[in-house]
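Working notes, beginning with the structure itself.
The values are calculated or read from the model by the stated rules, or taken from the named source; none is laboratory data. These numbers come from a predicted model, not from an experiment. Ideal geometry is used to build each Cβ from the backbone, glycine not excepted, and the neighbour counts take in all protein chains shown. We work out accessible area using only protein heavy atoms, side chains counted, and drop any ligands, DNA or RNA first. Shrake-Rupley method; radii C 1.70, N 1.55, O 1.52, S 1.80 Å.
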Amino acid sequence: MPHTDSPHCVSQAGTVWFVGAGPGDPELITVKGRDLIARAGAVLFAGSLVNEAAMRWAPEGCTIADSKDMTLEQMAAWLIEQAGRHDTVVRLQTGDPALYGTLIEVVQPLDAAGVPVHVVPGVSSAMASAAAAVESFTLPELTQTVIFTRVAGRTPMPEGESLEALARHGCTICVFLSITLLGKVVRELMAGGWAEDAPILVVHKASWPGEEKIVRGTLADIAQRCRAERIVSQAMIIASPALGARHWPELAKSKLYDARFTHRFRRASVPPCRTSETPT
Ligand code: SAH
């Protein structure tokens, strides 16, 4: 694959589209993302993370390169070079490009080279993990907030964003990039006030056909359960007071579908309850 060492300015540049490939199932790319691949002159994909099956949408003659052995500079240089040759160039990223990717680092040199850039969102692995386990991140009156975070590995966490501090909110927390640090995740959740018997969910390769694994446990035993399943990569750790709600006999129901509640699209069919809340 041709690599150049430094970005250069191009005239008559094509557009580079940063496309979210989704979490793994090739059918979870958006229609827009798939159509862009289908008309791309060149596609750069994150080989270790994006399902190569997505390349089936690429047209014959499309230049395809895997970024897994490239530096950021090489990736930018490759995209700039291809944008000089093709109208449509796709950079395919795992999940959604706005979460834990290299979007900004690669966009900056493209901006500097005058190459137009667009982003197409994707289904994040956090959402695919909830879907795999039939879980809702939010439940009325229980938790209405979701935190996407990670723990410090080689990348330090910014001031005020330790998992221990975030855990004190008691809301749903999706921990990315941290399965090899599961012991630390458990310790920080406990230090932040979560009980030993709090339910935890780990989803490995959510949505990947034939490869997905769902592991449920408590803070006390999740590490041992994941070891038993040999889960050491590509996993989402989810802590939430809403986990397992599918099997609860009593739920505080969403007011939006409450028969006593009138809103923009439906009149109450039974007398209203006393509430000042507006459904969303
Ligand atoms: N932009 C991606 C995240 C990239 S960071 C997104 O929106 O999903 C990579 C991390 O995402 C992994 O360490 C893992 O925590 C998570 N991840 C990616 N794909 C996954 C999948 N199919 N199942 C579970 N977790 C996944």
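Which of the trypsin sites (Lys or Arg not before Pro) found in the range 192-243 are in a DSSP loop and have at most 10 neighbouring Cβ atoms, other than their own, within 10 Å? Sparse-neighbourhood loop trypsin sites (Lys or Arg not before Pro): ARG230. Against the criterion of solvent-accessible heavy-atom surface with a 1.4 angstrom probe, LEU219, LEU166 sort, most first, into LEU166, LEU219.
For the chain, a Gaussian network of Cα nodes joined below 10 Å ranks GLU212, GLU73, GLU141 by mean-square fluctuation, and the top entry is GLU141.
In the context of the full set of protein chains, the chain has a per residue accessible area of 54 Å² (1.4 Å probe).
In the chain, the longest principal axis of the Cα atoms and the axis of helix 182-191 are about 40 degrees apart. Taking a sphere under 13 Å around the Cβ of TRP57 and counting the other residues whose Cβ falls inside, with K and R at +1 and D and E at -1, yields a net charge of 0. Note on LYS205: lysines with a C-alpha under 27 Å away, same-chain residues under 8 apart excluded, are LYS32, LYS68, LYS184, LYS213.
Over the range 1-146, with every protein chain in place, what whole percent of the accessible area is carbon and sulfur at 1.4 Å, could you tell me? For the range 1-146, the apolar C and S fraction of the accessible surface comes to 51 percent. Taking every Cα-Cα distance in the range 126-244 and sorting them into 10 Å bins starting at zero, the pair-distance distribution P(r) comes out as 14, 50, 32, 4 percent. Based on alpha carbons, the Rg and Dmax found for the chain are 22.1, 71 Å.
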